[in-house]
Amino acid sequence: MPLDLSTVHSLRRVFRTGFSVHDIAEPLVSFDDETPTARVREYMEGGRFEIVGIRRAGRVAGYLELAEIGDGICAPYVKEFAETDIVLDSMNLADLIPRLKEKRRLFVSILGRVGGIVSRTDLQKPPVRMWLFGMVTLLEMRFTRMIEEYCPGESWGQYLSAARIKKANDLLAERRRRQQPVDLLSCIQFSDKGQVIARDPQLRALTRFESRRQVEDIFKRIERLRNNLAHSQDILTTDWETIVALSENLDQVVEGPPGLRDKGPHVS
């Protein structure tokens with residue numbers, strides 16, 4: 001069954017406001033503009049900083065990049081902040097990630113002043129991983145409901161090998177031994193659900209993908225992201241495009257197709 005309206009509103013609120021830039025940003029280390037560059041360079045190299053803020057009259061007015069530091073004092077080498085380089089610390093993650101698609105790092109405005117910095121590397125932090133894992137879990141729930149509606153009973157089994165069905169039955173028996181209220185569909189793997197949706201024409205039509213290969217590919221990508229999240233592995237090197245797609249399509253991930261009969265989650 002599709003989610004009721006109140007549940008959708010609650011989920012949207014959680015994913016839109018549960019985590020923000022404030023939860024992952026780092027303080028922007030800063031120096032006065034008359035500070036000798038030799039001192040700043042030593043500090044940056046020792047702390048492996050690529051960028052520091054530069055203060056004028058006590059306020060951070062620009063930044064300095066390690067690769068462009070010359071001799072003398074910092075003032076001549078300061079770069080002004082561009083409006084497109086700054087985000088509010090209250091910005092939600094769904095809006096932040098597409099911004100980081102275009103720029104690898106952004107400066108963070110706190111109470112009207114730049115005081116922090118956020119980069120793609122910060123997306124490895126626990127708040128982002130929790131947020132992404134929640135979306136992946138919601139997607140799997142949505143896919144399960146799609147299969148339940150369009151493949152009644154266990155008719156979906158025709159799309160899986162005998163070995164995959166046996167593995168699911170073994171898990172079902174173990175869960176029932178533990179008195180867990182489950183059915184066979186809940187015991188198949190995420191990749192198995194992908195195979196069912198990819199091979200069933202009606203289910204595939206619920207997605208925006210035209211071919212079985214495309215559906216299988218997106219399931220592999222989502223499963224890889226989920227596994228990397230679950231095992232605290234790097235999620236940027238191989239999963240960046242998937243992360244961006246989930247963020248850009250958050251509302252569709254949360255709401256899903258009305259009645260599961262419209263176009264499915266847009267993750268590409």
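Read the figures in this text as sums done on the coordinates, not as results from a lab. All of these numbers come straight from a predicted model, not from anything done at the bench. Methodologically, a virtual Cβ is constructed for each residue, glycine included, from the backbone with ideal geometry; neighbour enumeration extends over all protein chains shown.
Using Cβ counts within 10 Å as a stand-in for footprinting exposure, how do Leu64, Leu139 rank, fewest first?
Ordered from fewest to most neighbouring Cβ atoms within 10 Å, Leu64, Leu139 come out as Leu139, Leu64.
Distance from a point 7 Å along Cα→Cβ of Asn227 to each backbone N in region 125-141: keep the residues under 20 Å and list them by number.
129-130, 132-141
Given the -39500 (n - 2.57) contribution per DSSP H run of 4+ residues, what per-residue ellipticity at 222 nm results for the chain, rounded to the nearest 500 deg cm²/dmol?
Helices in the chain give a 222 nm mean residue ellipticity of -14500 deg cm²/dmol.
Where does the chain land on Rg(C-alpha)/(2.2 N^0.38 Å)?
Ratio of Cα Rg to 2.2 N^0.38 Å: 1.30.
Can you tell me the relative contact order of the chain? Whole percent, Cα pairs under 8 Å, sequence separation 6 or more.
Dividing the mean separation by the residue count of the chain yields 19 percent.
Along the positive direction of the dipole of region 5-123 (beta-carbon charges: Lys, Arg +1; Asp, Glu -1; about the Cα centre), which of Leu88, Gly115, Ala67 reaches farthest?
Final value for the positive-end residue is Leu88.
What is the order of Met91, Met135, fewest Cβ neighbours within 10 Å to most?
Starting with the residue having the fewest Cβ neighbours, the order is Met91, Met135.
Can you compute the FRET efficiency between Thr137 and Thr84 using 1/(1 + (r/R0)^6), with r the Cβ-Cβ distance and R0 = 35 Å? Round to the nearest 0.05.
0.55
Using +1 on the beta carbon of Lys and Arg, -1 on that of Asp and Glu, and nothing else charged, what's the dipole of the chain about the Cα centre, debye to 20?
Roughly 980 debye for the chain.
Please check: in the Gaussian network model of the chain (C-alpha springs, under 10 Å), which one of Arg178, Arg204, Arg145 has the largest mean-square fluctuation.
Arg178
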